[in-house]
Structures are given as structure tokens and as C-alpha cells.
Amino acid sequence: MGRKDGTSYIDEFIKLMDNAVPSSVYYEIQDIVLEETGACFSGDKTEQEVAHIIQSRVQLYLDENGQ
């Protein structure tokens with residue numbers, strides 16, 4: 001979909017993408033993953049345990065923050 005005059009919004013889109021930054025949700029999830037995976041790599045927890053913990057924490061974060 002373009003403008004009524006037939007031109008596109010590509011320049012505005014490129015400018016928007018060039019200036020876009022990831023939302024804080026991305027960083028929060030990344031922090032959760034990094035915090036929990038250490039236990040797996042050290043052998044303290046299994047991959048399944050860590051995956052379950054990560055899933056639970058991310059879901060809780062999303063629920064609490066209306067995502």
C-alpha cells in the first residue's frame with residue numbers, strides 16, 4: 001500500500017528501521033536466558049530444567065507487564 005499519489009513510503013520506512021531500537025522486552029528476556037543457562041553449562045541443572053525455568057520466568061514477566 002502506498003500513498004494516494006502512487007508513491008511509496010519506503011524512505012520513511014528505511015528511516016524508521018535505521019532509528020529503531022529493540023524494546024526492553026527483548027533485553028529482559030535476554031537477561032533471563034543468560035541468568036538461567038549458566039546452571040545448565042555448569043552441570044547444576046539439566047537442559048529440560050533450565051528450559052522450563054526460562055519459559056516460566058519469561059511468561060511471568062510477560063504476564064506482569066501486559067505483553
Would segment 49-59 turn up any residue that is of a type in the set (Ser, Thr, Tyr) and either within 13 Å of the chain's Cα centre (by Cα) or assigned to a loop (DSSP other than H, G, I, E, B) (or both)?
-> no
Out of (1) surrounded by 10 or more Cβ atoms within 10 Å (Cβ to Cβ); (2) more than 19 Å from the chain's Cα centre (by Cα); (3) among the charged types (D, E, K, R), what's the single condition that is false for ASP11?
-> (1)
Could you count how many residues in segment 22-43 are exposed (fewer than 10 other Cβ atoms within 10 Å of the Cβ) and either touching a helix residue (DSSP H, G or I) at 6+ places or on another chain (Cβ under 8 Å) or on the phi > 0 side of the Ramachandran plot (or both)?
-> 1
Consider PHE13 against the criteria (1) at pLDDT 85 or above; (2) in a helix (DSSP H, G or I): it satisfies all of them except one. Which criterion is unmet?
-> (1)
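The values are calculated or read from the model by the stated rules, or taken from the named source; none is laboratory data. In this text the structure is predicted, and so the values were computed from the model without any measurement. Don't worry about glycine lacking a Cβ; one is built from the backbone with ideal geometry, like all the others, and counts go over all protein chains shown.
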